[in-house]
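Here the structure is laid out as structure tokens; the discussion comes afterwards.
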Amino acid sequence: MTLKHKAAIFVLATTMVATPFMTNHALAEDPVSTELESTTIQIKDPELKKYLNGLLKQPADADITQAQMDTIKTVSLANGAYTDLSGLEKAHNLTGLTLNNTSNITDYSLVASMPSLQTLYLSGQHLTDAIFPNLNGLSNLNSLSVSNTSNTNAVFAKLNQLPNLTYLYVQNTMTITDISALKSLPELKTLFVQFNGIKDLQCISEFPKLESLAATGQNTGRMDEVNKVKSSDFAYNDKAETLFIPFYMMPNRFTHFDGYKPPFTTSTSSSQTYLAFNDTRVDNSRLSINESGIIVSGVTKQEFDQLESMEYNARYDNAAGSYATPSFLKSYSASSGTYDQYFAIDHFINITADEAITYTENQAVTEEQF
């Protein structure tokens with residue numbers, strides 16, 4: 001039964017009951033309305049009170065009643081002027097809430113006490129997994145946007161049980177690397193996860209109602225641990241003084257829905273490829289890149305022997321139209337992206353016995369003699 005129907009029945013019932021007594025007394029004022037008009041809501045934050053009074057078109061420090069709070073449908077707060085949301089939960093008809101970089105608010109738990117919310121926008125680097133409110137009880141929430149935060153994959157446990165969420169935007173957060181936890185959203189149709197650090201999109205086939213995915217510009221590798229490799233994983237040419245770095249040694253590359261891993265760029269432009277040895281950038285004029293890997297010229301034997309760390313940062317060759325799109329989605333975009341990985345390099349030689357060769361005890365031998 002809708003609210004409108006309920007009101008109609010209430011009016012009809014009171015009319016039928018009150019008719020015999022019309023000549024005996026005047027109609028009494030609705031006690032509920034009187035109470036709402038007289039109840040003052042405590043708004044702790046003076047800036048929030050000022051904002052709400054602005055919506056109500058009254059002086060900044062005027063008292064706000066419950067009846068007035070119930071007229072507020074949308075609230076949009078931005079920047080660090082606000083410190084406390086207390087009292088906002090009394091806006092019982094609030095359907096839209098924007099908290100844009102409200103960095104001085106430390107308690108967001110009241111957001112979970114706003115069941116009428118249909119649209120919610122949260123942003124700001126101050127939003128960590130600990131501060132982020134548990135939204136799973138907001139059964140009317142239809143659209144949620146979370147952008148440019150410090151959240152990790154753990155935050156999805158606080159929103160992946162929303163029963164009616166249709167649109168979800170989680171963007172510009174490189175610490176978001178895995179979206180598989182979102183497959184539990186039963187009504188999710190549109191998912192925007194652009195400019196995060198997502199490694200693998202193969203899980204989207206398990207999303208029950210997903211129709212559109214925007215996953216452009218993933219920045220992978222940044223959140224990964226340093227990858228330990230051996231110097232023997234490289235191919236060093238002593239005579240030519242060249243070092244070959246194979247691409248197959250690069251872990252956790254971006255993967256499309258069908259398992260396809262786009263190649264790295266072969267451009268040696270400084271805006272496309274960055275390579276560093278021992279925290280010092282290798283001049284791009286020394287680089288030659290093909291589909292298999294990178295050839296670095298001018299690498300002396302001493303430089304190679306002293307190589308302890310390496311960073312490889314490059315763009316993917318992943319232009320729109322260069323990859324397949326899933327038949328089960330109406331829209332799929334996952335172009336561009338970058339890769340950034342650190343490596344720790346161990347120099348050691350595995351020696352195996354060769355019975356055909358003998359060595360004189362306590363006599364030094366060269367590497368070539370092994």
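The values are calculated or read from the model by the stated rules, or taken from the named source; none is laboratory data. None of these values were measured; they are calculated from a predicted model. Note that we place each Cβ from the backbone using ideal geometry, even for glycine, and neighbour counts take in every protein chain shown.
Can you name the residue in segment 112-137 that is among the aliphatic types (A, V, I, L, M) and farther than 21 Å from THR175 by Cβ and is also nearest to the chain's Cα centre (by Cα) among such residues?
The residue in question is ALA112.
Do you know which of the residues in segment 161-203 that are in contact with a helix residue (DSSP H, G or I) (Cβ under 8 Å, 6 or more places away or on another chain) and part of a helix (DSSP H, G or I) is farthest from SER327 (Cα to Cα)?
ALA181
Just a yes or no: is a residue in segment 242-264 of a type in the set (A, V, I, L, M) and either surrounded by fewer than 14 Cβ atoms within 10 Å (Cβ to Cβ) or closer than 30 Å to LEU329 by Cβ (or both)?
So far as segment 242-264 goes, yes, one or more of its residues are of a type in the set (A, V, I, L, M) and either surrounded by fewer than 14 Cβ atoms within 10 Å (Cβ to Cβ) or closer than 30 Å to LEU329 by Cβ (or both).
Looking at the structure I just gave you, is LEU99 in contact (Cβ under 8 Å) with a residue 24 or more places away in the chain and aliphatic (A, V, I, L, M)?
yes
May I ask you to list the residues in segment 223-241 that are assigned to a loop (DSSP other than H, G, I, E, B), buried (at least 16 other Cβ atoms within 10 Å of the Cβ) and over 24 Å from the mean Cα position of the chain (by Cα)?
PHE234, the sole residue that qualifies.
Checking ARG253 against (1) in a loop (DSSP other than H, G, I, E, B); (2) within 18 Å of SER336 (Cα to Cα); (3) not assigned by TED's automatic domain parsing to the domain that holds VAL282: exactly one of these is not met. Which one?
Failing condition for ARG253: (3).
Residue by residue through segment 131-150, note down the ones that are surrounded by fewer than 22 Cβ atoms within 10 Å (Cβ to Cβ) and within 23 Å of GLY337 (Cβ to Cβ).
Across segment 131-150, the qualifying residues are SER145, SER147, ASN148, SER150.
Can you tell me which residue in segment 162-183 is surrounded by the most Cβ atoms within 10 Å (Cβ to Cβ), limited to those that are of a type in the set (S, T, N, Q) and touching a Leu at 6+ places or on another chain (Cβ under 8 Å)?
THR166
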